[in-house]
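These notes are about the structure you will find just below.
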Amino acid sequence: MAYHGVMGLVPIRLPQQLQPDTVVSLEGTDGLYRAVSRESAAGRAALLLELGHHQLRAGEGWEARRHFDEGLSLTRSHRTARLLRGRLLTGASMAARAQGHFRMAVSLAEAAVRVSNQTPEAAASAWLALASAHRLAGAAWESLTPTHTALDIHPTSEGQVAKVLTWMMLMPDQILQEAAELVTQVDGELQARLAWHLAEYALGTGDRQAADQWLLLTRDTPSGAEEGHVCLLAAQQAHLSLPPVTDVREPVEVLTLRRRGLQVGDRFVPVPGGGHPLALLAFLIHDGATHWLRAAEAVLAQETSTEEALYTQVRSHLTTIRRLVGDPGCVSSRRGIIGLADDRLWRCDVEQALASGYGAPTWLPHVTGWWAEELRAQLRNLPES
């Protein structure tokens with residue numbers, strides 16, 4: 001049995017066939033890298049989950065995110081690996097917040113909550129990831145509901161610590177005694193996180209000596225990269241260098257004119273077929289967040305289309321977009337409204353063509369809908385570059 005968690009220990013059992021080959025203590029990763037290439041898709045995803053959590057414990061958020069993303073790609077392409085999707089999303093949320101990307105951490109944790117229903121442990125871990133992402137983003141009140149949901153599903157010391165940390169941000173005087181008692185009952189990362197907040201409280205009251213004693217419990221733990229953002233006095237006292245909170249990820253450019261695909265940072269992702277996912281993205285970039293039916297009628301509707309058929313198409317194309325970008329939070333769908341994540345820069349070559357005054361002979365000829373027809377007419381009336 002190997003153990004992982006949002007802040008501490010939540011159990012996850014690897015596939016049985018991996019047990020002889022898996023170094024559970026993770027004293028080194030070379031053997032696990034080699035094992036990844038030998039296993040089935042489910043086995044590779046489980047090992048990538050192991051590697052990601054190993055990197056998190058080592059304070060290497062970027063490497064952890066790479067492993068979780070690689071595991072998530074397996075869950076999208078192999079049915080046998082899908083049972084690990086929730087745990088990988090939870091891990092990706094943890095890695096995102098370790099890098100200071102708190103809004104992205106919230107999006108990933110929300111995705112984890114939607115699919116982590118196989119076991120109470122997995123569901124509680126996903127809810128705690130959401131709670132931690134909200135709290136570390138400075139929205140402590142928003143973290144209360146997911147924290148208590150996690151405790152109701154599967155009570156753990158991790159959940160108890162999450163509850164105390166939240167109230168330490170909201171009402172520290174009322175929870176101080178409980179926090180001081182709880183810090184002696186846990187260890188590792190859980191103890192360090194509590195110690196950061198106890199040090200912050202001590203510094204706020206001018207007790208630097210007590211703060212220094214609490215900060216002794218935070219040494220050699222990666223939690224400071226996260227808690228330091230909400231415990232600024234303690235971070236300064238500990239001379240902690242914090243990663244910047246940019247919440248900005250790789251830009252995405254939608255290419256529809258001379259070649260069809262997505263330019264995600266330095267990576268080009270071709271999009272085969274009629275280009276309907278690209279058309280949907282182009283419309284969202286042009287129009288902003290909108291109701292799914294309006295978007296469907298703009299770039300998907302045909303004379304024989306029913307509302308049910310359009311809804312199925314929209315859902316399918318949104319799934320394709322998330323897969324191609326490699327980010328489940330890049331496009332959202334809530335209460336019928338679909339929109340693009342605001343932590344990325346979104347561009348489209350069509351918008352650039354219209355702005356420059358140069359058109360193109362044909363724009364995605366297989367795409368239908370009123371906006372597609374209007375756009376094609378606009379581009380035909382412009383001189384070719």
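The values are calculated or read from the model by the stated rules, or taken from the named source; none is laboratory data. Predicted, not measured: the structure shown is a model, and the values here were computed from it. In this analysis, Cβ positions are derived from the backbone assuming ideal geometry, glycine residues included, and neighbour counts consider all displayed protein chains. Quick note on the areas: whole protein, heavy atoms, side chains included, nothing else; ligands and nucleic acids left out. Shrake-Rupley method; radii C 1.70, N 1.55, O 1.52, S 1.80 Å.
Taking segment 118-196 as the region of interest, the helices (runs of 4 or more DSSP H) fully inside it that hold 3 or more residues being among the polar types (S, T, N, Q) are 140-153, 157-170. Under the condition of being farther than 17 Å from Ala105 by Cα and either in contact with a strand residue (DSSP E or B) (Cβ under 7 Å, 6 or more places away or on another chain) or at pLDDT below 80 (or both), the residues counted in segment 225-241 number 1. Val161 meets each of the listed conditions (1) open to solvent by less than 10 Å² (accessible area, probe 1.4 Å); (2) free of Cβ contacts under 8 Å to residues at least 60 places away in the same chain; (3) in the same structural domain as Trp196 (by the TED database) apart from (2).
Restricting Gly273, Gly265, Gly261 to those that are over 20 Å from the mean Cα position of the chain (by Cα) and open to solvent by less than 40 Å² (accessible area, probe 1.4 Å) reduces the list to Gly261.
Answer yes or no as to whether Arg344 is surrounded by 12 or more Cβ atoms within 10 Å (Cβ to Cβ) and modelled with pLDDT under 85. Answer is yes for this residue.
The residues on offer are Leu176, Leu151, Leu182, Leu216, and the sole one that is touching a helix residue (DSSP H, G or I) at 6+ places or on another chain (Cβ under 6 Å) and more than 20 Å from Thr90 (Cβ to Cβ) is Leu182.
When Glu303 is evaluated against the numbered criteria (1) at pLDDT below 85; (2) of a type in the set (Asp, Glu); (3) not in a loop (DSSP other than H, G, I, E, B), which criterion, by number, is the only one it fails? The number of the failed condition is (3).
When segment 71-88 is filtered for residues that are touching a helix residue (DSSP H, G or I) at 6+ places or on another chain (Cβ under 6 Å), touching a residue at least 12 places away in the same chain (Cβ under 8 Å), within 18 Å of Thr320 (Cβ to Cβ) and in a helix (DSSP H, G or I), the ones remaining, listed by number, are Leu72, Leu74, Thr75, Arg76, Arg85.
Thr256 meets each of the listed conditions (1) crowded, with 19+ Cβ neighbours inside 10 Å; (2) polar (S, T, N, Q); (3) under 24 Å from the mean Cα position of the chain (by Cα) apart from (3).
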